Amino acid sequence: MPLSSIVLGLTAAAGPCALPLLLFLAGFLLITARRKNMLKNTVAFVTSLFIALFISSTALRIPVNSLPPEIILIEKILTLTFGIYGIIRFFSERQIFVKGERYILSIPFAILFGALFSVTFLFCSAGTIVIAAAAGMISVLLYLLGFVAPLVAVSLILLALCREKEEGNTRYMRLIGGIMLVARCLIL
């Protein structure tokens, strides 16, 4: 059963429910554009996502009927805002952006997004979470470890590609991240 829980989590991570999470995390990290901040935001996002999914799938046993439209709207507005910020940041080096960046691209925002996206993912992939939950808490933990593994892998790849010393590279990372987040809002 442990291996099947991990495989179920990996399968869920490769499915359409996880695509918005992967796109958001990649875009958010690219906008962050600094290796130490990328690492902190990855840990905060993945940890809050993991904890929120674990609590909601084991302790709370949230009934899954349909996702409230308000949650989707909040998620899209925040994601679109971050996307537009990344694009504007590419074209402008104004001091207001530099000062605001320490708050906007911070650990609390990563935690907020991890928790927010956990709600979306929970409603989208309720079937697989219910299967894991039926086998007990250990099974849910293994399922979630399998689920977050690709998120961590994408983050590590982006960290490896990030060359912080080149300012032009940082600007283009923000532009690509901004475009990814705007596209995510328009497509999904």
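Where a number appears in this text, it was derived from the coordinates with a stated rule and is not lab data. This structure is a prediction, so every number in the text was calculated from the model and none was measured. Because the Cβ atoms are built from the backbone with ideal geometry, glycine has one as well, and the counts that use them run over all protein chains shown.
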- Note on the structure: Over the chain, the quotient of the Cα radius of gyration and 2.2 N^0.38 Å is 1.04
- For Ile179 and Thr81, extending 7 Å from Cα along the Cα-Cβ vector and measuring point to point gives, in nm, a value of 2.5
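Based on the Cβ-Cβ distance from Ser106 to Ile138, what FRET efficiency comes out when R0 is 35 Å, to the nearest 0.05? Show your work: numbers first, answer last.
On the way: r = 33 Å, r/R0 = 0.95.
Calculated transfer efficiency: 0.60.
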- Acute angle (nearest 10 degrees) that the helix 69-91 long axis makes with the longest principal axis of the chain, alpha-carbon atoms: 30
- Query: Given 10 °C and 1.306 mPa s, how large is the Stokes-Einstein diffusion coefficient of segment 105-188 in µm²/s, with Rh as the Kirkwood radius over Cα pairs?
  - Reply: 103
- Message: Taking R0 as 25 Å, what FRET efficiency do you get between Leu39 and Leu73 from their Cβ-Cβ distance, rounded to the nearest 0.05?
- Response: 0.25
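What length, rounded to one decimal in nm, is gained on full extension from Ile187 through to Leu161, with 0.36 nm per residue of separation minus their alpha-carbon distance?
Values: separation 26, 0.36 × 26 = 9.36 nm, distance 2.59 nm.
Answer, rounded to one decimal: 6.8 nm.
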- Relative to the chain, whose Cα atoms define the longest principal axis, helix 167-187 and its Cα axis are tilted in degrees, nearest 10, by 50
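Can you work out the FRET efficiency for the pair Ile131 and Ala14, with r the C-beta to C-beta distance and R0 = 22 Å, to the nearest 0.05?
Numbers: r = 16 Å, r/R0 = 0.73.
The computed FRET efficiency comes out at 0.85.
Which net charge results when you count Lys and Arg as +1 and Asp and Glu as -1 among the other residues whose beta-carbon is under 13 Å from that of Leu78?
Residues near Leu78 contribute 0 overall.
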- the chain - Cys residues lacking any other Cys C-beta under 4.7 Å: Cys162, Cys185
